[in-house]
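Take a look at the structure set out below.
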Amino acid sequence: MIGVKTLDDADVKGKRVLVRVDLNVPTENGRVTDRTRIERVLPTIREIADAGGRVILLAHFGRPKGGRSEKDSLKPIAAAVAEDLGRPVAFAEDCVGEPAERAVAAMKDGDVLLLENTRFHPEEEKNDPGFAQKLASLGDLYVNDAFSAAHRAHASTEGVAHLLPSYAGRTMEAELDALSKGLENPQHPVVAIVGGAKVSTKIDLLENLVARVDALVIGGGMANTFLHAIDIGVGKSLCERDLAPTAQRILDRAKETGCAILLPVDAVVSAEFKAGAPHHAYGIDAIPSDGMILDVGSQSVDRINAAIDDARTVVWNGPLGAFEIAPFDQGTVAAARHAAERTKAGKLVSVAGGGDTVAALNHAGVAEAFSYVSTAGGAFLEWLEGKKLPGVEALKTGR
């Protein structure tokens, strides 16, 4: 798996194992409202503890800007982890220094300890070597199971990996394996589906994809910018008109690389953006001047589904329309369900990620049917953009 050691290579019995996890979970009044990220790191924690390792969890929470704040404390999260893990989780009031050292010294084989928010120290985000050394002194081995933080070169995600024998946790391993099958070493034909509101947030992503995939489906508000670039009127739709030259450059690059670009051929249009608003389907060359494109039309969905039928691999980021509001969710739901059916039939590897994408697939009821759905957000996007992720690179080059 792209040059990274995993827990299969580690002897954890009797060892202090620093495990970087993502516990930056949504909370309300101190209660965790979505436990997805906790659930994803449980296999790694259990495996190390069951093998007699001493699990020392490193994590960040919120945006404390290098200073202590009660609202950004991980202490309430320790209780949630213990509940889901089904075993006690001790908590240390700091991630370095005497409180951490005392808590680690009290551990027995199989124990689990959560250290306080690493971002309470400004040295964390600066990847300060001295701070990384303080963290490393608490452990014998290092395991990174936080792919979602792997695009950050911080002390707990990158620095420590160079100071201790380092391994990928099971969630990190699964993510890297899925991403390898998605773009690094995929089965062709590869189709990328990219949606969302703005081209400006996904220029690097689009430029990388047109050089690596066989077909690129562009949907959502960003498709309007491409339609405008080829002189198709989009009425009052969301459109970054100043990025028309960028869109044209991407279209030209796709021709050079032999990547087929699929833009909408019809659209669902309304005069207002609200649930249940009156709407009508139009061919893409007949959009009313006072109308807003809010979803792809049925003919566009048919073309997207045909591309999915031809594909062996689909990489998906971003919805095809304003999926949060019915009836403008229909295009995204239809295409997502079609990809899910092909995946369940064993005919497709489907990899998806990004916040809106995860929400859209959950809305369509198919997230579990995709080969892999990444909750990593920024790290997933940077991977799609072809960028090297410091947390992953450190596992390759670390001790």
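The values are calculated or read from the model by the stated rules, or taken from the named source; none is laboratory data. Here the structure is a predicted model, which is why all the values come from computation and not from measurement. Neighbour counts are summed over all protein chains in view; Cβ atoms, including those assigned to glycine, are modelled from backbone coordinates with ideal geometry. What goes into the accessible areas is simple: the full protein's heavy atoms, side chains included, and nothing from ligands, DNA or RNA. Shrake-Rupley method; radii C 1.70, N 1.55, O 1.52, S 1.80 Å.
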I'd like to know which of Thr27, Thr225, His279 lies farthest towards the positive end of the charge dipole of the chain, counting +1 on Cβ of Lys and Arg and -1 on Cβ of Asp and Glu. Thr27
Per residue solvent-accessible surface (Å²) - the chain, probe of 1.4 Å: 41
Quote to one decimal, in nm, the extra length available between Lys13 and Lys255 on full extension: 0.36 nm per residue of separation minus the C-alpha distance between them. 81.6 nm
Length gain on complete extension for the stretch Glu98 to Ala277, per 0.36 nm per residue less the alpha carbon to alpha carbon distance? 58.4 nm
Whole-percent carbon and sulfur contribution to the accessible surface of the range 124-269 (1.4 Å, no ligands, DNA or RNA) stands at 49
Please give the charge dipole size of the range 219-339, origin at the Cα centre, charges +1 on K and R Cβ atoms and -1 on D and E Cβ atoms. Round to the nearest 20 debye. 220
Report, in deg cm²/dmol and to the nearest 500, the calculated mean residue ellipticity at 222 nm for the chain, where each DSSP H run with n ≥ 4 adds -39500 (n - 2.57) and the sum is divided by the residue count. -10500 deg cm²/dmol
Hits among aspartates and glutamates - C-alpha to C-alpha of Lys344 under 16 Å, sequence gap 8 or more where chains match: Asp309, Asp310, Glu368
Need one number: % antiparallel among DSSP beta bridges in the chain, to the nearest 5. 20
Peptides 281-292, 153-164, 225-236, 189-200: what's the order by average Cβ count within 10 Å, highest mean first? 153-164, 189-200, 225-236, 281-292
What fraction, in whole percent, of alpha-carbon pairs in the range 266-376 exceed 24 Å separation? 26
So if I take the alpha carbon set of the chain, get Rg, then get Rh from the Kirkwood formula, what is the Rg over Rh ratio? 1.03
Rg/Rh (Cα only; Kirkwood hydrodynamic radius) as it applies to the range 257-328: 1.02
Does the range 1-147 come out rounded, prolate or oblate, given a ≥ b ≥ c as the square roots of the eigenvalues of its C-alpha gyration tensor, rounded meaning a/c under 1.5 and, failing that, prolate meaning a/b above b/c? rounded
The distance between the Cα centres of the range 265-343 and the range 59-106, in whole Å, is 44
Going 7 Å from the Cα of Gln299 along its beta-carbon direction, which residues of the range 238-262 have the amide nitrogen within less than 18 Å of the resulting point? 261-262
Quick one: putting +1 on the C-beta of Lys and Arg, -1 on the C-beta of Asp and Glu, what dipole do you get for the chain around its Cα centre, in Debye to the nearest 20? 500
Calculated Rg and Dmax of the range 131-259 using C-alpha coordinates, Å: 20.1, 62
For the range 3-42, what class follows from the C-alpha gyration tensor (a ≥ b ≥ c being the square roots of its eigenvalues): rounded when a/c is under 1.5, otherwise prolate if a/b is larger than b/c, else oblate? prolate
Excluding residues fewer than 8 positions from Lys126 in its own chain, the aspartates and glutamates with Cα under 14 Å of it are Glu158
Please give the length that would be gained between Asp128 and Glu28 if that part of the chain were fully extended, namely 0.36 nm times their separation in residues minus their C-alpha to C-alpha distance (nm, one decimal). 32.8 nm
About its Cα centre, what dipole magnitude does the range 281-384 give when the only charges are +1 on Lys and Arg Cβ and -1 on Asp and Glu Cβ, stated in debye to the nearest 20? 440
